[in-house]
Every structure is written in structure tokens, then in C-alpha cells.
1. When E27, E9 are ordered from fewest to most other Cβ atoms inside 10 Å of their Cβ, what list results?
2. Suppose the chain between V4 and F19 were pulled fully straight at 0.36 nm per residue; how much longer would it get relative to their current alpha carbon spacing?
Amino acid sequence: MFEVVAIDEDADTVELQFFDGTIDEFELDDWTRLSIVPVAAPEDWSGSVDMDSDDYTGNEGGDYPDGYHDPLGFMNPPD
């Protein structure tokens, strides 16, 4: 699965980013010969970033700096 991220008409190339984040380039002549089928976006968007399940599941509250969950927590309360 990939997404076209650039088309360089001067160099006659198409640049792709694959689901795992790698980038590749095809000559326009080769690109036109490919059998490409459109697909829906993946449900798991984390493929292009290095994330472990610990990165997006709950951690203990002490693992985060103060105000992490509440952006206004960094502000001083009014006197």
C-alpha cells in the first residue's frame, strides 16, 4: 500500500511513500506500465510511524509530565 507524494514532470518521476514510511521513486515510463488498484485507507494508521502498543495505550499517570493531559495545567491558577 502506498500514496503518491510527488510527481516531478521535469525529471519524469513519481515519488511514493509506502505504508511503512519508506519512500521510493519510479520513472514515469515504468509507472504507466504498473497495474495499480485503488484501496481504502488503512484502519491502523500507525504503520508509517514506529509505535509500540505501549505508545498509545494507557500508561501510569506518573509517566507523563504535569499538564500532559490538560494543556491548561501549565498555567498558574488565578489568585
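Since every read-out is calculated from the coordinates, none of them should be taken as a lab result. Quick caveat, the model's predicted, so the values are computed rather than measured. FYI the Cβ positions are ideal-geometry reconstructions off the backbone, even for glycines, and counts take in every protein chain you see.
1. The most exposed by this proxy come first: E9, E27.
2. 4.3 nm
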